[in-house]
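Take a look at the structure below.
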Amino acid sequence: MHSAVHQAIDAVWRIESARIVAGVGRLVRDIGLAEELAQDALVAALEHWPKSGVPDNPGAWLMRTAKNRALDRLRHHKLAEDKLEQWGQDLDAQEALIVPDFVDALDATRADDIGDDMLRLIFTACHPLLPTEARVALTLKLLGGLNTHEIARAFLVAEPTIAQRIVRAKRTLRGARVPFEVPRGAALGERLASVLEVVYLVFNEGYTATAGDDWMRPALIEEALRLGRMLAELAPNEPEVHGLAALMELQASRTKARIDSAGRPVLLLDQNRARWDRLLIRRGLAALARANALTTNPGTYALQAAIAACHARASNAAETDWVRIAGLYDVLARVSPSPVVELNRAVAVGMAFGPAAGLEIADTLRGEHSLQDYQWLPSVRGDLLAKLGRNKEARAEFARAAGLAQNLCERELLLARASELQD
């Protein structure tokens, strides 16, 4: 019996924890304290539910308990005298003091406030003040519902390292008195970019793991998709939010086709498109349509999603509209110039206009400092050289790429490409 209750508590916590931390955070204005109070509510559930049974609305029970703990904390530390008047405007907190059960109805009728709370939490966890790796860890902890062990395992990092990143992130936010709010005006765009960057970093680490034995980490893909869908609901008028959601849905649709029966990587042009997830493709195309409807100047994520859509719409590799993809990369290179975009543009141009044209672009990147340890530069050059019949040079490039790869599956793939080439 207790095992079933504990499983129910675990499931409810994974679903509701972010909302609870966000709701409590609005009261205490401190992510670390909010998480602590939410954890107190979880402990209370572990103590009471095995005896009394799981409540009809377990999420509301946890929220009410956490908020009551927050208000008790405020009174205990003598903060109520000068802060409760400010927070008295918050009917949720006010009613929790008088009629605790009212919170259930209030949460149901004030969905916009819950949305605002979640946005506040996302923007705070992804604050640019924090190093990127700290933003990722804190976001997965607070919004993804992952524990420290799960985050460490996903990124192949020692658990104490992840724990330290999270502790330091919360300490930094508290020390800088970062406001628990959604930024306004010009600051919104800058901060939104940080949020989207974190979500896409999580997705990319799941889609192609940077190190280790596995080609992909599906749990991170799922968490990033969930965060992207959440953002699309909470910020429905932001085109780049829908652009990112579209990009991740479309790329995730290929997941089952990206490995063969032996677990080896399968490159895009060799994939069995019948294994692509049509539901995710429909979701991605719908999100891309929403992004395009909101702006005439698509941003980085919407442009990448448009490229992914070209692949999704082609029933087989031969039908891919590479000329359009090359044109989209031209636009992307102007909107968001970077060596990696240029490398991808080289691939597209090579497919659209011939390998010599692609190699000309790739060769301009050979002196780029940021790509010196990037395995995909020699890999792309190797592919283009092989198509031009320059097998000896191509084999050397694939071998070099394999030497740079930290992921075992990538390394084996690149070595196999090298071994296939004959002089």
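The values are calculated or read from the model by the stated rules, or taken from the named source; none is laboratory data. Everything numeric here is computed off the predicted structure, so don't read it as measured data. Heads up, the Cβs are rebuilt from the backbone with ideal geometry, glycines too, and the neighbour counts pull from every protein chain shown. What goes into the accessible areas is simple: the full protein's heavy atoms, side chains included, and nothing from ligands, DNA or RNA. Shrake-Rupley method; radii C 1.70, N 1.55, O 1.52, S 1.80 Å.
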query = So which of R75, R19, R29 ends up being modelled with pLDDT of 55 or more, open to solvent by 50 Å² or more (accessible area, probe 1.4 Å) and touching a Phe, Trp or Tyr at 6+ places or on another chain (Cβ under 6 Å)?
reply = R29
inquiry  = I'm trying to understand the selection: among the residues of the stretch 111-146, which are farther than 22 Å from E238 by Cα and at pLDDT below 85?
reply    = G145, L146
remark   = By residue number, the members of the stretch 390-417 that are open to solvent by less than 20 Å² (accessible area, probe 1.4 Å) and not aromatic (F, W, Y) are A394, A401, A402, A405, N407, C409, E410, L414
ask   = Listed residues L220, L188; which is more than 17 Å from the chain's Cα centre (by Cα), modelled with pLDDT under 90, in a helix (DSSP H, G or I) and of a type outside the set (G, A, S)?
value = L188
key: Residue list for the stretch 331-376, restricted to those being open to solvent by 60 Å² or more (accessible area, probe 1.4 Å) and either over 25 Å from G389 (Cβ atoms) or not in a helix (DSSP H, G or I) (or both)   = R334, V335, P337, T364, R366, G367, E368, H369, S370, Q372, D373, Y374
message = If E47 satisfies all but one of (1) open to solvent by 50 Å² or more (accessible area, probe 1.4 Å); (2) at pLDDT below 70; (3) more than 29 Å from the chain's Cα centre (by Cα), what's the number of the condition it fails?
response = (2)
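Just to be sure I understand, how many residues within the stretch 32-69 are free of Cβ contacts under 8 Å to residues at least 12 places away in the same chain and charged (D, E, K, R)? Spell out the reasoning first.
Let us first name the residues in the stretch 32-69 that are free of Cβ contacts under 8 Å to residues at least 12 places away in the same chain, namely 36, 39, 43, 47-48, 51-52, 55-56.
Going one step further and asking which of them are charged (D, E, K, R), we end up with 36, 47, 51, 56.
Number of matching residues: 4.
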request  = Kindly list, by first and then second residue, each pair from a residue in the stretch 399-419 that is at pLDDT below 95 to a residue that is part of a strand (DSSP E or B) and open to solvent by less than 70 Å² (accessible area, probe 1.4 Å), limited to pairs with Cβ atoms under 6 Å and residues at least 6 apart or on different chains.
outcome  = C409/P265; L413/P265
key: Odd one out for A386 among (1) open to solvent by 60 Å² or more (accessible area, probe 1.4 Å); (2) under 23 Å from L421 (Cα atoms); (3) in contact (Cβ under 8 Å) with a residue 24 or more places away in the chain; (4) part of a helix (DSSP H, G or I)   = (1)
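Report the residue count in the stretch 1-12 for those that are of a type outside the set (S, T, N, Q) and either modelled with pLDDT of 85 or more or open to solvent by 80 Å² or more (accessible area, probe 1.4 Å) (or both). Break it down into steps so the answer makes sense when it comes.
Taking the stretch 1-12 first, the residues of a type outside the set (S, T, N, Q) are 1-2, 4-6, 8-12.
Next, only the ones that are either modelled with pLDDT of 85 or more or open to solvent by 80 Å² or more (accessible area, probe 1.4 Å) (or both) stay: 1-2, 6, 10.
Going through the stretch 1-12 one residue at a time, the tally reaches 4.
Only one of L384, L404, L408 is among the hydrophobic types (A, V, I, L, M, F, W, C) and touching a Pro at 6+ places or on another chain (Cβ under 6 Å); which?
Numbers: L404 fails: touching a Pro at 6+ places or on another chain (Cβ under 6 Å); L408 fails: touching a Pro at 6+ places or on another chain (Cβ under 6 Å).
Result of the check over L384, L404, L408: L384.
Would you mind finding the one in R174, R191, R168 that is in contact with a helix residue (DSSP H, G or I) (Cβ under 7 Å, 6 or more places away or on another chain), among the charged types (D, E, K, R) and closer than 30 Å to D213 by Cβ? Step through it out loud before you land on a result.
Details: R174 fails: closer than 30 Å to D213 by Cβ; R191 fails: closer than 30 Å to D213 by Cβ.
Among R174, R191, R168, only R168 is in contact with a helix residue (DSSP H, G or I) (Cβ under 7 Å, 6 or more places away or on another chain), among the charged types (D, E, K, R) and closer than 30 Å to D213 by Cβ.
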